[in-house]
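> Dumping the structure here so I can ask a few things about it.
The values are calculated or read from the model by the stated rules, or taken from the named source; none is laboratory data. Predicted model, so just to flag it, every value in this text is computed and none were measured. FYI the Cβ positions are ideal-geometry reconstructions off the backbone, even for glycines, and counts take in every protein chain you see.
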């Protein structure tokens, strides 16, 4: 499909804050419509530099009006509530993550839009293989966030098979970014640790020191999403919900890497049982060979290069 106009929902979240400028640079400022339920402080670089719409994804008519008004033909649907936040209010998470998704799907079906739908490592559960978790395996998540994401994957597959819609997506691990703080996820520590290391020289982690979780740095997130959406559909056997991985790390390993740049840095632990239980139910690492084979996934950042870049970017930002 030739891209004419792109709608990004959840544009002021952790990924959207960087994806919108990335897409505007690639396709043209006026071709990318950012949207969010409300405007946040510090979001001027999104709201004031190109088309922006206040949009509640639980309101189907409003979605249709934005798509029709801007002649949208591609949607990056990022709006969702995250894992730790969802455990505090499962009903709100379901309303946003599932009812919001089906509203997006129905509006996209009516106006012939392609969709990028980000899923998550949270779709896996205690019964999934822990190491090098395969692309196709048991998915029985135990968090409401994970349940919403696997339900979303299945719903996207259904709309593709029943209506022939072009829907693609990635299963993201923890996302690390220097531009925006995450908003209530289990892997948030991997961003907060950098802020506290630079500001205070110490950090208290809410996960155990040996909790191994896959991570990905934001530049690879952006490149991967666009590369998948531009891939030849004839080569995509899976299309929706590709495993992607770049960095497999524990809090202790991440802190050791940070110490190479901030020698006096120290870490201690005050474990949050809710987020620890979620992390323990997830894989230690993902097998992303399907993404590499079907559309050329090839992350550029590992632990060392990501850490160096994060410290450099945040040090300049926090001066």
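> May I ask you to list the residues in segment 161-195 that are surrounded by fewer than 17 Cβ atoms within 10 Å (Cβ to Cβ) and part of a helix (DSSP H, G or I)?
161, 162, 163, 192, 195
> Then there's this: I'd like the full set of residues that are assigned to a helix (DSSP H, G or I) and in contact with a strand residue (DSSP E or B) (Cβ under 9 Å, 6 or more places away or on another chain), limited to segment 268-295. First the steps, then the outcome.
Quick first cut of segment 268-295, residues assigned to a helix (DSSP H, G or I) only: 273-281, 289-295.
If the condition is that a residue be assigned to a helix (DSSP H, G or I) and in contact with a strand residue (DSSP E or B) (Cβ under 9 Å, 6 or more places away or on another chain), then 279, 289, 290, 291, 294, 295 are the ones that fit.
> Give just the number: which of (1) closer than 23 Å to residue 125 by Cβ; (2) at pLDDT 95 or above; (3) within 20 Å of the chain's Cα centre (by Cα) does residue 271 not satisfy?
Residue 271 satisfies every listed condition except (3).
> Within segment 196-222, restricting attention to residues that are touching a strand residue (DSSP E or B) at 6+ places or on another chain (Cβ under 8 Å) and closer than 19 Å to residue 262 by Cα, which residue is surrounded by the most Cβ atoms within 10 Å (Cβ to Cβ)?
Among those residues, the one meeting the criterion is 197.
> Mind listing just one residue for me: the one in segment 282-299 that is over 15 Å from residue 174 (Cβ atoms) and in contact with a helix residue (DSSP H, G or I) (Cβ under 6 Å, 6 or more places away or on another chain) and, of those, surrounded by the fewest Cβ atoms within 10 Å (Cβ to Cβ)?
My answer is 294.
> Given the criteria closer than 30 Å to residue 242 by Cβ and buried (at least 20 other Cβ atoms within 10 Å of the Cβ), does residue 314 qualify? Before you say what the answer is, go through the steps one by one.
On the way: closer than 30 Å to residue 242 by Cβ: yes; buried (at least 20 other Cβ atoms within 10 Å of the Cβ): no.
No: the conditions fail for residue 314.
> Could I ask something else about it? Considering (1) under 18 Å from the mean Cα position of the chain (by Cα); (2) crowded, with 21+ Cβ neighbours inside 10 Å; (3) farther than 24 Å from residue 318 by Cα, say which one residue 107 fails and leave the rest.
Here residue 107 clears every test but (1).
> Identify, by number, the condition in (1) in a helix (DSSP H, G or I); (2) without any contact (Cβ under 8 Å) to a residue 60 or more places away in the chain; (3) in contact with a strand residue (DSSP E or B) (Cβ under 9 Å, 6 or more places away or on another chain) that residue 57 doesn't meet.
Residue 57 satisfies every listed condition except (1).
> Here's another thing I want to ask about it. On the given criteria, is residue 12 assigned to a helix (DSSP H, G or I), crowded, with 17+ Cβ neighbours inside 10 Å, in contact with a helix residue (DSSP H, G or I) (Cβ under 9 Å, 6 or more places away or on another chain) and assigned by TED's automatic domain parsing to the domain that holds residue 102?
Judged against the criteria, residue 12 is not a match.
> Which numbered condition in (1) surrounded by fewer than 19 Cβ atoms within 10 Å (Cβ to Cβ); (2) at pLDDT 95 or above; (3) out of contact with any strand residue (DSSP E or B) (no Cβ under 9 Å at 6 or more places or on another chain) is the only one that residue 231 fails?
Condition (3) is where residue 231 drops out.
> May I pose another question? Of 189, 145, which residue is in the same structural domain as residue 15 (by TED's automatic domain parsing), over 19 Å from residue 112 (Cα atoms) and touching a strand residue (DSSP E or B) at 6+ places or on another chain (Cβ under 9 Å)?
Just a single option satisfies the conditions, and that option is 145.
> What number of residues within segment 35-54 are in a strand (DSSP E or B) and either over 23 Å from residue 92 (Cα atoms) or not assigned by TED's automatic domain parsing to the domain that holds residue 105 (or both)?
Qualifying residue count for the region: 1.
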